[in-house]
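The values are calculated or read from the model by the stated rules, or taken from the named source; none is laboratory data. This structure is a prediction, so every number in the text was calculated from the model and none was measured. Every residue, glycine as well, gets a Cβ built from its backbone with ideal geometry; the counts of neighbours run over all protein chains shown. When the accessible area is computed, the model is the full protein with side chains, heavy atoms only, and any ligands, DNA or RNA have been set aside. Shrake-Rupley method; radii C 1.70, N 1.55, O 1.52, S 1.80 Å.
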Amino acid sequence: MSATTSTPVGDTERVRAMLGSADAGRKRTDRMMTGLIYAAFVVAMIPLVSLLWTVVIRGIERFSPYFLSVSMRGVFGGMDAGGIYHAIVGTLVITLVAAAISVPIGLLTAVYLVEYGRGPLARVTTFFVDVMTGIPSIVAGLFAFALFAIFFGPGVRLGVAASVALSVLMIPVVVRSSEEMLRLVPNELREASYALGVPKWLTIIKVVLRTSVAGLTTGVLLSIARVIGETAPILITAGYADSINFNPFEGRMATLPVYIFTQYRQGTVPCAPGALDCVEDINLMRAWAAALTLILIVMLLNLVGRLVTRFFAPKLR
Amino acid sequence: MTTTASPPATTRRRRSGDTERGMSRVFRWISTAAAVLLLAVLAAVAVFLVQRGLPALTASGEELQTAGRLPRGMTHLGQLVGPLVFGTLLAAAIALLLATPVAVGIALFISHYAPRRLAAGIGYVVDLLAAIPSVVFGLWGGRTLAPVVADVWVWVAGVLNSIPGLEVRATATGRSLATASVVLAVMILPIITAVSREVFLQTPKLHEEAALALGATRWEVVRTAVLPFGRSGVISAAMLGLGRALGETMAVLMILSPGLLYSFQIFDSGQQQTIAAYIANQFPESSGLAVNVLIATGLALFVITMAVNMLARWIVARRKEFSGAN
């Protein structure tokens with residue numbers, strides 16, 4: 001009894017110090033792990049910075065209005081000419097057709113999952129949408145090729161086949177993002193609409209979709225940004241062309257990613273000594289400039305996508 | 001009898017909630033059809049791959065040699081698919097080994113270490129990595145990274161060679177599986193980070209506060225509360241990353257100097273090849289049975305990635321039910 005009341009002052013302070021702070025070993029571990037975790041972040045930033053830096057520095061060399069406005073038709077060897085107009089056209093056409101296929105299917109599937117989905121079909125759909133996001137892009141390309149080879153014979157190369165391949169990759173992304181957006185719409189809005197006697201389908205179109213249109217746009221833009229850089233499926237379905245082709249239903253089409261790949265593949269050009277119109281690494285310069293263009297397009301899509309949400313999203317609260 | 005019986009029948013039908021008529025029913029059917037179509041597309045992918053790959057599976061060794069353009073000395077499909085599956089798994093496994101610790105570190109950095117104001121911005125920056133097209137990664141990996149890491153690999157091989165009984169070769173060009181795997185690791189970093197981050201942020205605040213109340217340091221909070229809670233999430237995130245790495249084409253195609261060996265010489269060129277890169281490499285020049293051969297190898301890739309993804313999703317789904325977070 002008396003021992004507890006007459007504890008020396010030094011003792012309590014020592015106990016308090018022991019309780020208040022971790023011992024040296026634990027502190028050291030804590031500091032070390034903090035350092036490692038910061039290091040992990042820095043390590044991940046190195047490739048990102050290096051990649052963006054290289055693409056900008058090497059790409060700007062050949063990036064010019066001329067480069068953007070001519071095709072590769074009649075360009076050979078180390079000619080100091082040629083551009084990516086045909087590839088930009090092909091990329092836009094193929095991606096737009098892919099979006100035209102995937103957005104309705106993806107959006108309606110999301111509507112089904114959020115507004116109607118009950119029971120096994122909804123569960124199976126949710127699961128397989130997730131699984132579908134994992135389809136390797138080259139497999140999507142093989143599928144589209146196999147599908148179109150039935151109708152157009154072996155060796156088919158069509159822009160629309162590439163669009164179908166991209167749709168396979170794009171639909172699950174659209175479904176995922178749209179589903180998330182539709183679930184954000186408060187139930188009170190739906191109930192208010194039903195209370196006014198509005199039928200369900202009109203409620204979905206006029207209330208649910210109208211409310212979430214900004215988020216849906218963002219989702220679609222981001223999914224386009226994701227597939228616009230796909231190379232492998234386009235390589236085996238649309239092939240590559242040197243000339244401008246606006247028609248996805250006829251003939252080969254060039255796209256930016258495949259353009260980058262083919263230019264990279266061709267590598268350096270052997271130039272005759274003293275040749276005036278010959279640049280040795282012209283192909284690589286074109287590849288870097290095209291890579292810069294592609295990154296700019298992707299970044300623009302990402303930026304616009306995020307801005308749409310920021311400025312046009314309804315204030316729900 | 002009939003006149004008195006019919007009015008109650010109609011009112012009963014209204015009361016039972018069957019108010020869906022006309023456009024409502026059409027709309028329900030359209031949206032259900034979209035969901036069914038989506039499943040049909042997935043089924044069609046599988047069916048077409050099997051149907052078009054079948055001729056390669058049933059063809060004789062001689063046909064495969066001549067029309068199927070199988071590499072010299074190979075007489076059945078397994079001799080091609082085997083090394084390809086090996087190369088694919090090896091590349092993806094190394095990528096996963098490199099990426100997972102870093103990704104978990106970044107996820108912890110964002111969820112528990114970075115200043116609150118910075119965290120969202122850092123998340124965007126990591127997502128930027130996901131936005132960069134794979135062909136640009138390939139270009140960068142082949143032209144910028146490969147020459148730089150080649151020296152590192154040569155040095156590593158030199159160190160490893162000093163261990164008796166170990167023979168490691170390294171190429172001076174850097175066009176080896178190790179380089180390709182590093183690029184794959186960078187490419188799968190964002191998805192692993194994103195999923196892990198979500199899981200770490202869901203850690204019950206009470207668990208963390210309880211750990212802090214017991215005098216735990218920040219790392220001890222992470223070790224005792226956050227990591228055990230997020231373990232299954234990290235595993236499934238890693239498997240999603242694995243699925244990505246297995247199917248990635250361009251980075252491997254543009255960096256790796258391919259070979260068809262069962263070889264662990266990851267620093268040497270001309271040793272391994274992955275399925276996706278093999279298909280993309282051969283496809284433009286193939287026709288007839290050779291295409292069927294490629295589609296059959298694609299089928300192998302499809303089966304592997306589907307299995308990995310389904311397993312990952314299954315773990316995620318199971319976790320949602322039993323995590324105790326709700």
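Overview of values
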{"item": "Residue tally, condition within 13 Å of the chain's Cα centre (by Cα), open to solvent by 10 Å² or more (accessible area, probe 1.4 Å) and either away from chain B (no Cβ under 14 Å) or of a type in the set (Val, Ile, Thr) (or both), over the stretch A:172-190", "result": "1"}
{"item": "Residue match in the stretch A:73-80 (condition: of a type in the set (A, V, I, L, M, F, W, C), under 22 Å from the mean Cα position of the chain (by Cα) and within 19 Å of A:ASN245 (Cα to Cα))", "result": "no"}
{"item": "Qualifying residues in the stretch A:275-293 (those that are open to solvent by 50 Å² or more (accessible area, probe 1.4 Å) and touching a residue at least 40 places away in the same chain (Cβ under 8 Å)) - the one nearest to the other protein chains (Cβ to nearest Cβ)", "result": "A:GLU280"}
{"item": "A:LEU121 being of a type in the set (A, V, I, L, M, F, W, C) and more than 7 Å from chain B (Cβ to nearest Cβ)", "result": "no"}
{"item": "Filter result (open to solvent by 10 Å² or more (accessible area, probe 1.4 Å) and in contact (Cβ under 8 Å) with a residue 12 or more places away in the chain) within the stretch B:226-252", "result": "B:PHE229, B:SER232, B:VAL234, B:ILE235, B:ALA238, B:MET239, B:LEU240, B:LEU242, B:ARG244, B:GLU248"}
{"item": "Unique match (being under 22 Å from B:PHE264 (Cα atoms), open to solvent by less than 10 Å² (accessible area, probe 1.4 Å) and without any contact (Cβ under 8 Å) to a residue 60 or more places away in the chain) among B:ALA178, B:ALA150, B:ALA157", "result": "B:ALA150"}
{"item": "Count - residues of the stretch A:107-133 that are under 25 Å from B:ALA245 (Cα atoms), within 19 Å of the chain's Cα centre (by Cα) and not hydroxyl-bearing (Ser, Thr, Tyr)", "result": "4"}
{"item": "Test: residue in the stretch A:212-232 that is more than 17 Å from A:PRO104 (Cα to Cα), hydroxyl-bearing (Ser, Thr, Tyr) and within 14 Å of chain B (Cβ to nearest Cβ)", "result": "yes"}
{"item": "Residue among B:THR75, B:THR32 that alone is in a helix (DSSP H, G or I) and over 18 Å from the mean Cα position of the chain (by Cα)", "result": "B:THR32"}
{"item": "Where B:ALA210 falls short, out of the listed (1) surrounded by fewer than 24 Cβ atoms within 10 Å (Cβ to Cβ); (2) of a type outside the set (Asp, Glu); (3) at pLDDT below 90", "result": "(3)"}
{"item": "Leading residue by the ranking (nearest to the chain's Cα centre (by Cα)) among those in the stretch A:294-317 that are closer than 25 Å to A:ILE88 by Cβ and free of Cβ contacts under 8 Å to residues at least 24 places away in the same chain", "result": "A:MET299"}
{"item": "Subset tally (residues that are within 14 Å of chain B (Cβ to nearest Cβ) and open to solvent by less than 30 Å² (accessible area, probe 1.4 Å)) for the stretch A:46-81", "result": "6"}
{"item": "Residues (within 14 Å of another protein chain (Cβ to nearest Cβ) and acidic (Asp, Glu)) located in the stretch B:233-290", "result": "B:GLU248, B:GLU285"}
{"item": "Meets criteria (touching an Asp or Glu at 6+ places or on another chain (Cβ under 9 Å) and open to solvent by 20 Å² or more (accessible area, probe 1.4 Å)) for B:ALA194", "result": "yes"}
{"item": "Residue match in the stretch B:85-92 (condition: in the same structural domain as B:SER286 (by TED's automatic domain parsing), out of contact with any helix residue (DSSP H, G or I) (no Cβ under 9 Å at 6 or more places or on another chain) and either over 30 Å from B:GLU285 (Cα atoms) or open to solvent by 20 Å² or more (accessible area, probe 1.4 Å) (or both))", "result": "yes"}
{"item": "Complete set of residues in the stretch A:294-308 that are more than 17 Å from A:VAL49 (Cα to Cα) and open to solvent by 10 Å² or more (accessible area, probe 1.4 Å)", "result": "A:ILE297, A:LEU300, A:LEU301, A:ASN302, A:LEU303, A:VAL304, A:ARG306, A:LEU307, A:VAL308"}
{"item": "Yes/no for A:GLY197 being in contact (Cβ under 8 Å) with a residue 60 or more places away in the chain and of a type outside the set (A, V, I, L, M)", "result": "no"}
{"item": "Set B:ALA59, B:ALA95, B:ALA120: member being away from chain A (no Cβ under 11 Å) and open to solvent by 50 Å² or more (accessible area, probe 1.4 Å)", "result": "B:ALA120"}
{"item": "So B:ALA35, is it modelled with pLDDT of 90 or more, more than 30 Å from A:LEU108 (Cβ to Cβ) and crowded, with 22+ Cβ neighbours inside 10 Å", "result": "no"}
{"item": "Flag for A:GLY239 being open to solvent by less than 30 Å² (accessible area, probe 1.4 Å) and within 24 Å of A:VAL139 (Cβ to Cβ)", "result": "yes"}
{"item": "Any hit, the stretch A:243-255, residues being within 18 Å of the chain's Cα centre (by Cα) and either assigned by TED's automatic domain parsing to the domain that holds A:LEU184 or not polar (S, T, N, Q) (or both)", "result": "yes"}
{"item": "Residues that are among the β-branched types (Val, Ile, Thr) and either open to solvent by 50 Å² or more (accessible area, probe 1.4 Å) or in contact with a Leu (Cβ under 7 Å, 6 or more places away or on another chain) (or both), drawn from the stretch B:213-225", "result": "B:VAL221, B:VAL222, B:THR224"}
{"item": "Among the candidates B:ALA172, B:ALA114, B:ALA131, residue that is without any contact (Cβ under 8 Å) to a residue 60 or more places away in the chain, within 12 Å of chain A (Cβ to nearest Cβ) and over 20 Å from the mean Cα position of the chain (by Cα)", "result": "B:ALA114"}
{"item": "Residues located in the stretch A:206-236, provided they are open to solvent by 50 Å² or more (accessible area, probe 1.4 Å), in contact with a Phe, Trp or Tyr (Cβ under 8 Å, 6 or more places away or on another chain) and among the aliphatic types (A, V, I, L, M)", "result": "A:VAL213"}
